[in-house]
Every structure is written in structure tokens, then in C-alpha cells.
1. Just for helices (runs of 4 or more DSSP H) wholly inside the stretch 1-89: which have at least 2 residues that are buried (at least 17 other Cβ atoms within 10 Å of the Cβ) and touching a Pro at 6+ places or on another chain (Cβ under 7 Å)?
2. Of the residues Arg128, Arg121, only one is surrounded by fewer than 18 Cβ atoms within 10 Å (Cβ to Cβ), more than 14 Å from the chain's Cα centre (by Cα) and over 20 Å from Gly24 (Cβ atoms); which?
3. Being over 15 Å from the mean Cα position of the chain (by Cα) and either modelled with pLDDT under 95 or of a type in the set (Asp, Glu) (or both): is that true of Glu94 here?
4. For Arg101, state whether it is under 19 Å from the mean Cα position of the chain (by Cα), in a helix (DSSP H, G or I), among the basic types (Lys, Arg) and surrounded by 14 or more Cβ atoms within 10 Å (Cβ to Cβ).
5. Count, please, the residues in the stretch 27-54 that happen to be among the aromatic types (Phe, Trp, Tyr) and closer than 13 Å to His133 by Cβ.
6. Please state which one of Val29, Val104 is β-branched (Val, Ile, Thr) and in the same structural domain as Lys18 (by TED's automatic domain parsing).
Amino acid sequence: MTTFLDYDGLPTDFPGMKTRPAVGPVARVSHVEQAIAAHFGEPQLFLPYVSLHEFEALLFSSPEELPRTMIEIEKRAQFAAIREARLTPEDIDETDWPSYRILVLFDAYRKPLHGPIAARRIGLDQLRAECPHFDGWIGKLEYYARH
């Protein structure tokens with residue numbers, strides 16, 4: 001069993017949230033994942049995954065696909081600039097969330113409709129290449145599937 005939880009949406013009383021380290025988003029999310037695993041106590045049966053920020057961060061893995069999905073390719077450079085300002089899409093800032101940045105550019109964006117279309121067009125290989133925390137989770141799922 002696994003999870004795909006949005007870090008920004010977790011309540012303050014969620015396992016690990018009150019004791020998060022103050023350094024970097026990856027360390028904070030990893031701490032929360034470890035606290036969830038400890039809470040349930042079945043490391044061989046349960047693999048928690050907490051998405052750095054939110055699902056929309058993954059869509060910054062390709063500068064072309066979301067503008068293409070939204071039929072607003074002329075906004076590609078603005079979309080790409082958001083991504084290029086960070087080391088990875090997962091590093092897009094906690095105070096100006098990826099979904100907010102997308103909605104500023106594409107006011108017609110609807111997560112349940114446009115998000116899966118763009119993610120499918122980007123492809124799992126590109127999502128994994130651009131998002132190391134996400135890649136680690138998928139790698140663990142693949143490992144468990146083989147063993």
C-alpha cells in the first residue's frame with residue numbers, strides 16, 4: 001500500500017508535521033514520510049509518499065506540454081521561466097504554490113482535466129528524470145513489484 005499526499009495540504013497534527021526539521025523541503029517531506037511509516041509500523045507493507053508541494057509541480061517537468069494542453073503555446077516561455085528558476089520542479093517554492101503559478105498563466109486550468117492530460121504527454125520517464133523525490137518513490141514501487 002502507498003500514498004500520494006500533498007505536503008502543503010497536510011494538517012499540523014499529521015504524523016511528523018510538528019517535528020519537521022527547518023532545513024530544505026526534501027528533508028521536511030522525508031521526515032514526514034518516515035513519521036507516517038513509523039505511525040503505521042509496517043515498512044514491508046506500507047510505503048508513504050508525500051509529494052513535495054503538490055501534483056502540479058510535476059507538470060513543470062516539461063516546458064512544452066502544459067502550454068500545449070491549454071492551447072496557449074505562446075505562454076511557453078513564461079511557464080519555462082518558472083521551472084528554470086529552480087533546480088527541479090519539486091523545488092518550486094512553498095509560498096507561491098505550483099497550482100497558483102499555473103492558474104496565473106492559464107486561468108482555464110482545471111486540475112482533474114488538464115493535469116492528467118499534460119502528465120501523460122510528459123511521460124513517466126521525463127517526470128522521473130526531472131523530479132528526484134518522485135523518482136525515488138516510483139523506484140521503490142518497482143522494487144517491491146519485482147520482489
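The values are calculated or read from the model by the stated rules, or taken from the named source; none is laboratory data. In this text, all values refer to a predicted model and were calculated from it rather than measured experimentally. In this analysis, Cβ positions are derived from the backbone assuming ideal geometry, glycine residues included, and neighbour counts consider all displayed protein chains.
1. Counting at least 2 such residues, we get 25-40, 76-84.
2. Answer to the check: Arg121.
3. Considered against the rule, which asks whether it is over 15 Å from the mean Cα position of the chain (by Cα) and either modelled with pLDDT under 95 or of a type in the set (Asp, Glu) (or both), Glu94 comes out as no.
4. yes
5. Total satisfying the criteria: 1.
6. Residue meeting the stated conditions: Val29.
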